[in-house]
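**Student:** Quick one: the structure is below, and I'll ask about it shortly.
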Amino acid sequence: MHQEMAREVNQLLSRIFAQRRHSGRTDLEAVESALRAALHQAGATALSELLQYQAPAPDQRQLPCPCGHHAQYQELRSKPVLTVMGRAQISRPYYLCSHCHQGQFPADVELDVKDTEVSPGVRRMLAVVGAAAPFDHGRQQMEVLAGLEVTTKAVERTAEAVGGDIAQGEQREIQRAIQLDLPIVVDAPVRILYVQMDGTGVPVVKKETVGRQGKTDGQPAHTREVKLGCVFTQTKWDKKKGYAIRDPDSTTYTGAIETAEMFGKRIYLEAWKRGWSRAETKVVMGDGAEWIWNLAAQHFPGAVQIVDLYHARQHLWELARKLYPNAEVNQKVWMKAHQRRMLDKGKIERLVGALRSIHSANPEVREKIRTEADYFERNAERMRYPKFRRQHLFVGSGVIEAACKTVIGSRLKQSGMFWTVRGANAIVALRCCHINGRFEDYWESRRAA
Ligand SMILES: [Zn+2]
């Protein structure tokens, strides 16, 4: 085998040197690519050699079967495996249980290629490219970066399988956390810990929205909401201007298309891992969405609750436009009075009073005024912005809003994409795992299992 490999590479080198003598120049890119291909070829040959298993000895031709009976050795069977060196062939013993007709390949389990024709090394690569970019883009990256030809479908299937495995691991962790009391981690206290939550729609295939109402009345839904949460810490603020400064590299993310109830457990576990129990000041932030504040009450009692200031302002703007359609100057004057003098100053009772005293002949406007007044009244304690600023806390939930775009939107909301819930959740889990810097740990722990 060694001789064969050496001969291949030698032949290639002779050709390269001959060419240089002939033309007087070296095309480095052509040479390096040819060498990589030749070495891959040699490596794949070596791997195929390594993956030729022997038939078991006569006294070892029986294995326990999960059904309780025994599986008998049948024959050596082979299958192709795509490795980081290219296509290799594996030949290994096959056992069959005559009782339940279940077959098994013990070597596949040992090699971590059970039910797949892709090696662990390549699966790791496919997970990395599939997490980062559309699957076809990943296919192209594999060709350029790894010299491996794969199909777009293989990138998709593998990235989703790895992401699905991460998502399952998360669910096991969440179940454990619910059933057992989470251990109190003894570690340095955390000055300020933030939990921010938001929702963002992801386009899905038709079957995932059956019976679901869209945003427009009577229209079917085309998207499902990913609930996304982030946790980060703050120890400093700007000494001159007083504004909050997020600790660098302190942000982790978690999310899924799931019910608020399930998401609550997810975000609680994430906050816990990040030191919720050790935080001196705890803050929950979001827009006005009801599910967020229900979860805050259920899982994060005692936390300071803050409604994103910019969402609150947006609510006032919408009302200003309803009150003074096409009259920009009037809208601005009204905003000055209501935003700067009331909302921004945390004088929410005054704002609610002012809103409720507006009279309008238009029933639609009256309804809008009522809902907005209710919104501010309900969230009054979450809008004491001057108080929050004096504590040097964030007043905007910009981190989670940016994450909706960078973690979810940029990967899952490109044109022409339609996800299954399962596929989207797998990729969301995979991306969060990567961004949180936990992918290497996950991969290592999976190998150890
Ligand atoms: Zn069996």
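Bear in mind these aren't lab numbers, they're just calculated from the coordinates by the rules spelled out. Here the structure is a predicted model, which is why all the values come from computation and not from measurement. Every residue, glycine among them, receives a Cβ derived from its backbone with ideal geometry; neighbour counts consider all protein chains shown.
**Student:** Please give the FRET efficiency for E444 paired with S23, using the beta carbon to beta carbon distance and R0 = 41 Å, rounded to the nearest 0.05.
**Tutor:** So the FRET efficiency works out to roughly 0.30.
**Student:** Let me ask something else about it. Taking amide hydrogens as modeled 1.01 Å from N in the peptide plane, which residues meet the under 5 Å criterion relative to A71, leaving out close sequence neighbours?
**Tutor:** L63, C65
**Student:** Follow-up. Under 24 Å Cα to Cα from K114, which lysines show up? Leave out anything in the same chain fewer than 8 places away.
**Tutor:** K79, K153
**Student:** So which cysteines of the chain have no other cysteine's Cβ under 4.7 Å from theirs?
**Tutor:** By the Cβ distance rule, which asks for a partner under 4.7 Å, the isolated cysteines are C230, C404, C432, C433.
**Student:** So between K239 and A337, what do we pick up on full extension, going 0.36 nm a residue minus the alpha carbon distance? Can you show the working numbers first?
**Tutor:** Values: separation 98, 0.36 × 98 = 35.28 nm, distance 3.00 nm.
Stretched out fully, the K239 to A337 stretch lengthens by 32.3 nm.
**Student:** With charges only on Cβ, +1 for K and R and -1 for D and E, what is the dipole size of the chain about its Cα centre, in debye, rounded to 20?
**Tutor:** Values: 65 positive and 51 negative charges, 401 e Å.
Dipole about the Cα centre, nearest 20: 1920 debye.
**Student:** Only loop residues by DSSP count here, and only those with at most 14 other Cβ atoms within 10 Å; note down the chymotrypsin sites (Phe, Trp or Tyr not before Pro) in the range 374-421 that meet that. Walk me through the numbers on the way to the answer.
**Tutor:** Working: sites: Y375, F376, F388, F394, F418, W419; in loops: F394, F418.
Here the sparse-neighbourhood loop sites are F418.
**Student:** So for the pair V210, E349, with labels modelled 7 Å out along Cα→Cβ, what separation do we get in nm?
**Tutor:** It is 5.3 nm.
**Student:** In the chain, what percentage of the DSSP-assigned beta bridges are antiparallel, given to the nearest 5? Don't skip to the end; give the middle numbers.
**Tutor:** Values: 38 of 51 bridges.
Here the antiparallel bridges make up roughly 75 percent for the chain.
**Student:** Right, next: With θ taken as phi - 60° and the coefficients 6.51, -1.76 and 1.60, list the Karplus ³J(HN,Hα) couplings across the range 332-344 in order, rounded to whole Hz; mark glycine and proline as x.
**Tutor:** My calculation for the range 332-344 gives 5, 4, 4, 4, 4, 5, 8, 7, 5, 8, 10, 4, 4 Hz in order.
**Student:** Another one. Once you have the Cα-Cα distance between R356 and A37, take 0.36 nm times their residue separation minus that, and quote the gain in nm to one decimal. Walk me through the numbers before you get to the answer.
**Tutor:** Numbers: separation 319, 0.36 × 319 = 114.84 nm, distance 7.46 nm.
Once the chain is fully extended between R356 and A37, it gains 107.4 nm.
**Student:** Related question: Given H placed 1.01 Å from N in the peptide plane, which residues other than close sequence neighbours of E258 have an amide H under 5 Å from its amide H?
**Tutor:** HN-HN under 5 Å from E258: K227.
**Student:** For H101 and E149, FRET efficiency with R0 = 35 Å and r from the beta-carbon atoms, rounded to 0.05? Don't jump to the answer; show the numbers that get you there.
**Tutor:** Details: r = 36 Å, r/R0 = 1.02.
According to the calculation, E is roughly 0.45.
**Student:** Could I ask something else about it? Cα to Cα, under 28 Å, and not fewer than 8 places away if on the same chain: which lysines meet these conditions relative to K236?
**Tutor:** Result set, ordered by chain and number: K273, K282, K345, K347, K387, K405.
**Student:** Sticking with this structure for a sec: According to a simple spin-label model (label point 7 Å from Cα along Cα-to-Cβ), what is the distance in nm between R176 and E318?
**Tutor:** 4.2
**Student:** To continue, here is another question. With loop defined by DSSP as not H, G, I, E or B, and exposure as at most 15 other Cβ atoms within 10 Å, which is the longest segment of the chain clear of exposed GluC sites (Glu not before Pro)? Intermediate values should be presented prior to the final figure.
**Tutor:** On the way: sites that count: E117, E149.
In short, 150-449.
**Student:** At 0.36 nm per residue, minus the direct Cα-Cα distance, what do E49 and S14 gain on full extension? Give it in nm, one decimal, please.
**Tutor:** 10.0 nm
**Student:** Same structure again: List every residue whose amide H lies under 5 Å from the amide H of V81, counting only residues 5 or more places away in sequence or on a different chain, with H placed 1.01 Å from N in the peptide plane.
**Tutor:** Amide H neighbours of V81, under 5 Å, 5+ apart: A88, Q89, I90.
**Student:** Moving on. Measure off 7 Å from each Cα along the Cα-to-Cβ vector at V185 and R7, then give the distance between these two points in nanometres to one decimal.
**Tutor:** For the pair V185/R7, the computed spacing is 5.8 nm.
**Student:** What angle do you read, to the nearest 10 degrees and between 0 and 90, between the alpha-carbon axis of helix 309-323 and the longest principal axis of the chain?
**Tutor:** 60
**Student:** Provide the FRET efficiency to the nearest 0.05 for the K114-E280 pair, computing r from the beta carbons and using R0 = 60 Å.
**Tutor:** 0.80
**Student:** Of the candidates V204, V421, V329, which one comes out as most mobile in a Gaussian network treatment of the chain with C-alpha springs shorter than 10 Å?
**Tutor:** Of V204, V421, V329, the most mobile in the Gaussian network model is V329.
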